[in-house]
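Enquirer: This is the structure I have questions about; it appears just below.
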Amino acid sequence: MPARRTARTLIVALLTGALAVTTAWAGIGLAPVKDAVDDLGDQVTGLVEDAESESAAVAALTPGQFVVGAAKVSIKPRPEAYGGTWETEGCETMGSPSPEFFGHLGDLRLTWPENPNCLYMGGFGIGPMNPITGWNEAGQDPGEYGLWVRALFISDGTDSLVLTQIDGTSYFGRYGKLCEGCGAFDIAEELGAKYGIDPAGFMMASTHAHSAPDFIGGWGGVPTWYMNQVHAAFRTAIGEAVTTSAPASVEAGDSLSRRFNGERRDLYWSAEDNTMSWVRFTDSATGAGIATMGAYAGHPTTLGSNGGTAHPDFHGVFAKRVEERFGGTGLLFQTGLGNMSSSGGTLGVGLGLAALIPEAGGGQAVTGTDVKVKQTFWSQPITNIPLGTLGAVGFFDRPFTPLGFVEAGKHDVRYCRSVSPLGVTTAVSAASVGNLTFTGAPGEVFSNLTNTIEEEAPGIAFPLAQVNDGLGYIMQSFETDHVGRQGVGFVGSVEVGDDDVVLSEYEDAYGLDACFGDAVLMKTLNLMKDLRSGA
């Protein structure tokens, strides 16, 4: 198969020393990556056709070893490189429109009447709220973190997993008007074909930092030039991770970290996810660090709007600290954050989680050498009328389908069934790397889902949230507040006398459907079962 042939071309080249590492580049498209891969293919054509040589090369990987590469590319706005303008003054907000507010009504890029050259933070109410007027710079001094696209490539020579994250509030699987081909599913299809990787093997997540840029349009528009820059950053980071990969040793762990988060539902006590899963990859030949990855549940809202300065929140603190300790690229993904708030502040959470990762040799050995990937798509109903209406008229730049239907649950007697004339096509993903399990859900899943995935997974599990899509809060049907989902959740509570009376749950106002969580969990567990059985 062409996909396997390309992947094996890369592994053979890596293990025979044929790969020439290219110099770093940022945000300039795929030309350097394409040239490197084409040159690589010319060098090893004979080896690819020699089955015995292929088998010998792959066999050189010992149990617990994989071919691994990592890279990061800055997403600091560079409008001059993409034909645009970034304005930090005169950016309209819902609370204080400028005199030019109605002058932007003719901009059909998005429905919000706001300045098309402004960047906004996400996660605060609905509509343009907090324009970005400054940027946290990357540097050596404390407090300098930068905002990035980070990529981690893991392969066994035949199948590959690509884990990618962006410092942003949310990122969609498909886009409508903001850009062409820049959605997570689009990028997976494009780069999957280029590098011979099954598109199912791409898990592209956002950190959900509220002080980072919005990429879905729900909190103001996103300039097309900036979406193009971010698209290029994804392509470049993934390309560099693939082409600089090398045989690596792997160790992982699961650390109790309950002091750094806590559940936040108002009307009932909800399940918590109190552990951080982590994995570290080290170059087998040199001992140099390639990547250190953590996965934890907690909303990164420690900075609020940060005075208008874009910041990666505690994800940036964690990444910088593990890079200082172990080298390579640091990444911190979200797990069941939907009902979890963080606790301890920006430095407290970031440095605290990083400190839980032991020195080399302090983790568990990873068994096996296989990488397997699975993915399934479906049309999810949207029964949240306010959100569905906003989406249908263009306030969220996401394509929708004319019909959504789902039924899911542990037993057909108690299945959750839902149907709607408006739906959205999305997906869940699952992968195994030896005895490690990685899953991806398309939004802010609740911890009951991630806890269940962890219990059902062999070995250590990484039940990642905000993967390949950003479709709001995702909870199971027994946790849903139906009244809150129809707009009342935007109000949340009211004061009656001296008392604060809770009317509904805030999170449900951003939940698409009562059965969304049941569908995500069932489909994910089915993928995990298929991975174990080899189906």
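Enquirer: Residues of the range 490-535 being part of a helix (DSSP H, G or I), in contact with a strand residue (DSSP E or B) (Cβ under 8 Å, 6 or more places away or on another chain) and farther than 30 Å from G459 by Cβ, which ones?
Expert: Within the range 490-535, E507, D508, Y510 qualify.
Enquirer: Taking into account only those residues within the range 283-313 that are free of Cβ contacts under 8 Å to residues at least 60 places away in the same chain and crowded, with 20+ Cβ neighbours inside 10 Å, which is farthest from the chain's Cα centre (by Cα)?
Expert: G289
Enquirer: Now a separate question. In the range 262-295, what residues are over 16 Å from A70 (Cβ atoms) and among the aromatic types (F, W, Y)?
Expert: The answer is Y268, W269.
Enquirer: Only one of D530, D508 is surrounded by fewer than 22 Cβ atoms within 10 Å (Cβ to Cβ) and either acidic (D, E) or in contact with a Leu (Cβ under 9 Å, 6 or more places away or on another chain) (or both); which?
Expert: D530
Enquirer: Is it the case that some residue within the range 360-381 is among the small types (G, A, S), surrounded by fewer than 23 Cβ atoms within 10 Å (Cβ to Cβ) and either touching a Lys or Arg at 6+ places or on another chain (Cβ under 7 Å) or assigned to a helix (DSSP H, G or I) (or both)?
Expert: Yes, that holds for at least one residue.
Enquirer: Do we find a residue being of a type in the set (A, V, I, L, M), closer than 24 Å to V424 by Cβ and buried (at least 24 other Cβ atoms within 10 Å of the Cβ) anywhere in the range 128-138?
Expert: no
Enquirer: Can I ask one more? Select, from L390, L449, the only residue that is crowded, with 24+ Cβ neighbours inside 10 Å and either at negative phi or touching a helix residue (DSSP H, G or I) at 6+ places or on another chain (Cβ under 8 Å) (or both).
Expert: So the residue among L390, L449 that is crowded, with 24+ Cβ neighbours inside 10 Å and either at negative phi or touching a helix residue (DSSP H, G or I) at 6+ places or on another chain (Cβ under 8 Å) (or both) is L449.
Enquirer: Separate question: Would a scan of the range 380-392 turn up a residue that is within 30 Å of S255 (Cβ to Cβ) and not β-branched (V, I, T)?
Expert: no
Rule-based calculations on the coordinates, nothing more; no lab input. Please read these numbers as outputs of a predicted model, since none were measured by experiment. Because the Cβ atoms are built from the backbone with ideal geometry, glycine has one as well, and the counts that use them run over all protein chains shown.
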